[in-house]
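Coordinate-derived values only; no laboratory data. Note that this is a predicted model, so its numbers are computed, not measured. Glycine gets a Cβ as well: all are built from the backbone with ideal geometry, and neighbour counts include every protein chain shown.
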Amino acid sequence: MAGTEDSPTGKHVAVFAFPFATHALALLRLVRRIAEASPATMFSFLSSEKSNLACFSGGRRDDGGTCPNLVAYDVWDGAPEGYVPSGRNPVEPVEIFLRAVPGNFESVLRAAERERGCNITCLLTDAFYWFGADMARERSVPWVPVWTAGPSALIAHMETDSIRQIFGTSGKMLDAIPGLSAMRMTDVPKEILDATTPFPTMLYRMGQVLPQATAVVSNSFEDIDPIVEGELHSKLRKFLDVGPFVLSPPPPLSDEHGCIPWLDKQETASVVYVSFGSMIRPPPHEITAIVNALDKAASPFLWSFRGDAQAELPREFLERRTRGKVVPWAPQLHVLGHRAVGAFVTHCGWNSVLESMIGGVPMVGRPFFGEQSMNARAVEDVWRIGVAVEGGAFTEEATADALERVLAGEEGKRMRERAGALKEMALKAVEPQGSSTRNFKALVEIVTG
Ligand SMILES: O=c1ccn([C@@H]2O[C@H](COP(=O)(O)OP(=O)(O)O[C@H]3O[C@H](CO)[C@@H](O)[C@H](O)[C@H]3O)[C@@H](O)[C@H]2O)c(=O)[nH]1
């Protein structure tokens, strides 16, 4: 189709976001960069209304003057009128949404094409959206899926059939699967073994079609793990690490709860930062275990607490204001980059792992679901920049032991040195001559070329 007034080149990229957890924001961060690098190309960003409201400020559906070529469109979230989540099953809204795909995206995509007067020339999607392969083929445009989680899990999803075959019959390790030799059977996301519900079914289909993609983009950097990276390069037509996304550019500091001034008053590498990402709330007995372990360690702590801290944490604990600070949200990247932070108690969500590396901070890992166990295994055994909580859940003793190992002594010191080396690699990757910058240029070529 000929160029339009909006797009003199006639290029139009459709972006399909996954509107849960931190997925849409991570994808939008990347898309803004591409849109800035290619101002003559139109970008239509499709996500649910709730997700778009959270990602674009002031209820807008565009970026104002910053990225005038990027416009957001709302897709139906699949929920019937007046639906209120039961709260009993946190994945219920995801499952309802998955019943509406791909029809909800198709119809809005057609509307965006009409509105912008230009058919799409590329489809950039969250990697979860297996249907992107067919949609792009039908339209004869490139399909570029973006993977926002840890790289080992990407191999696991493509190798689901092999993993199911050997599960229970092979030893404890996954060394029969190329690229996954560092992983144990118990690290495999449970969705890989049970594909009866919509979310695991989606992951299975994704693993089957990813090798058809024009290029798969990852929120990681090339030097992070040569074995895993090598395998991904051999399995996919093109694999592009363009991360850490959060460094290009780093978000401005927004610190409404005063975390940074509080950290400024603490000693170097003394503070335990506790956070479990955007949605996880450990069960009450594990919260009690963390409280007791922090008391035992006698270290200052900063806890980004999802939920009602006043109701769920002991009053005496909350009152120890000089030694600890509990906040509903922290500027995590800046917190982990602060010299006072000595350890990060985390669920090992991929963004948290990357941000801990960028800060050079060792971790105490307690994975909860999805690929977090694989990330935790790599933290402990591949990069050796942290430990997983013994027994897989917080108990007072296991948490106190893990904190002691990470904060004190020779072992903790070596972890910090290794984390520092990874920090250098991550920073180097996003420099003007770095591998992630080079890959980003290749991505812009594919998407807008
Ligand atoms: O007080 C807080 C708490 C969190 N964050 C940010 O929130 C993000 C959390 O991301 P992540 O660590 O990846 O956790 P989840 O939100 O739980 O991420 C989901 O998505 C990830 C990427 O696909 C997966 O790796 C995880 O398993 C999945 O739970 C990070 O950028 C943090 O910096 C803050 O800024 N302040």
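What does the extension gain come out to for Thr4 and Arg315, with contour length at 0.36 nm per residue minus their alpha carbon separation?
105.7 nm
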Exercise. Using 0.36 nm per residue, how much length does the chain from Tyr83 to Ser254 gain when fully extended, once their Cα-Cα distance is taken away?
Worked result: 58.3 nm
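State, as an integer percentage, the relative contact order of the stretch 259-428 based on alpha-carbon contacts under 8 Å between residues 6 or more apart.
Details: 309 pairs, mean separation 42.2, N = 170.
This gives 25 percent for the stretch 259-428.
Net charge within 14 Å of Met415 by Cβ-Cβ distance, Lys/Arg positive one each and Asp/Glu negative one each, not counting Met415 itself? Present the calculation step by step, with values, prior to reporting the outcome.
Details: positive: Arg384, Arg405, Lys413, Arg414, Arg416, Arg418, Lys423; negative: Glu380, Asp381, Glu404, Glu410, Glu411, Glu417.
Here the count lands on +1.
Need one word for the stretch 45-144: rounded, prolate or oblate. Basis is the Cα gyration tensor (sqrt eigenvalues a ≥ b ≥ c); a/c below 1.5 gives rounded, then a/b vs b/c decides.
On the way: a/c = 2.09, a/b = 1.26, b/c = 1.66.
Because a/c hits 1.5 or more and a/b fails to exceed b/c, the stretch 45-144 counts as oblate.
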Seminar exercise, completed: Expected vector for the stretch 31-45, Karplus 3J(HN,Hα) from phi with 6.51, -1.76, 1.60 and θ = phi - 60°, integer Hz, x for Gly and Pro, equals 5, 4, 4, 5, 5, 5, 6, 9, x, 8, 9, 8, 10, 10, 9
For this session: Could you work out the relative contact order of the chain, using alpha carbon pairs under 8 angstrom and six or more residues apart, expressed as a whole percent?
Result: 14 percent
Exercise. What ranking do Thr121, Thr346 get, fewest neighbouring Cβ atoms within 10 angstrom at the top?
Worked result: Thr121, Thr346
For this session: Quick one: which residues, 5 or more positions from Val144 or on another chain, have an amide H under 5 Å from its amide H? H modelled 1.01 Å from N in the peptide plane, none for Pro or chain starts.
Result: Leu123, Leu124, Thr125
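For Arg99, what charge total do you get from the other residues with a beta carbon under 14 Å from its beta carbon, if Lys and Arg give +1 and Asp and Glu give -1? Working shown, then result.
Values: positive: none; negative: Asp77, Glu92, Glu95.
Cβ neighbours under 14 Å give a net charge of -3.
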Seminar exercise, completed: In a Gaussian network model of the chain with springs linking alpha carbons closer than 10 Å, the residue among Ser47, Ser275, Ser181 that fluctuates most is Ser181
Exercise. Suppose R0 equals 56 Å; then what is the FRET efficiency for Arg184 and Ser140 from their Cβ-Cβ distance, rounded to the nearest 0.05?
Worked result: 0.85
Problem set entry | Modelled FRET efficiency - R0 41 Å, Asp264 with Ile166, Cβ distances, 0.05 increments | 0.20
For this session: Starting from the amide H of Ser218, placed 1.01 Å from N in the peptide plane, find each other amide H under 5 Å away whose residue is 5 or more places distant or on another chain.
Result: Trp147, Leu240, Asp241, Val242
Exercise. Taking the simple approach of a point 7 Å from Cα along Cα-to-Cβ for both Glu92 and Arg438, what is their distance in nm?
Worked result: 5.0 nm
Exercise. Could you give the length gained on full extension between Arg384 and Ala421, defined as 0.36 nm per residue of separation minus the Cα-Cα distance, in nm?
Worked result: 12.2 nm
For this session: For the chain, set up a Gaussian network in which alpha carbons nearer than 10 Å are linked by springs, and say which option among Phe317, Phe45, Phe128 fluctuates the most.
Result: Phe317
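In percent, how large is the relative contact order of the stretch 85-157, given Cα pairs closer than 8 Å and 6 or more residues apart?
Working: 46 pairs, mean separation 16.4, N = 73.
Reported relative contact order: 22 percent.
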For this session: Mind giving me the nanometre distance, one decimal, between the label points for Arg99 and Glu49, set 7 Å out from Cα along Cα→Cβ?
Result: 1.9 nm
Problem set entry | Label-zone membership for the stretch 375-418, site Leu193, 7 angstrom Cα→C-beta point, backbone N under 20 Å | 375-378, 388-394
Exercise. Gap in Å between the Cα centre of the stretch 360-419 and the Cα centre of the stretch 109-156?
Worked result: 36 Å
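How much net charge surrounds His157 when only other residues with a Cβ under 10 Å from its Cβ are counted (Lys, Arg +1; Asp, Glu -1)?
On the way: positive: Arg205; negative: Glu159, Glu191, Glu371.
With Lys, Arg at +1 and Asp, Glu at -1, the neighbours total -2.
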Seminar exercise, completed: Between Val274 and residues 5 or more places away or on another chain, the pairs with built amide H atoms under 5 Å apart involve Leu302, Trp303, Ser304, Val345
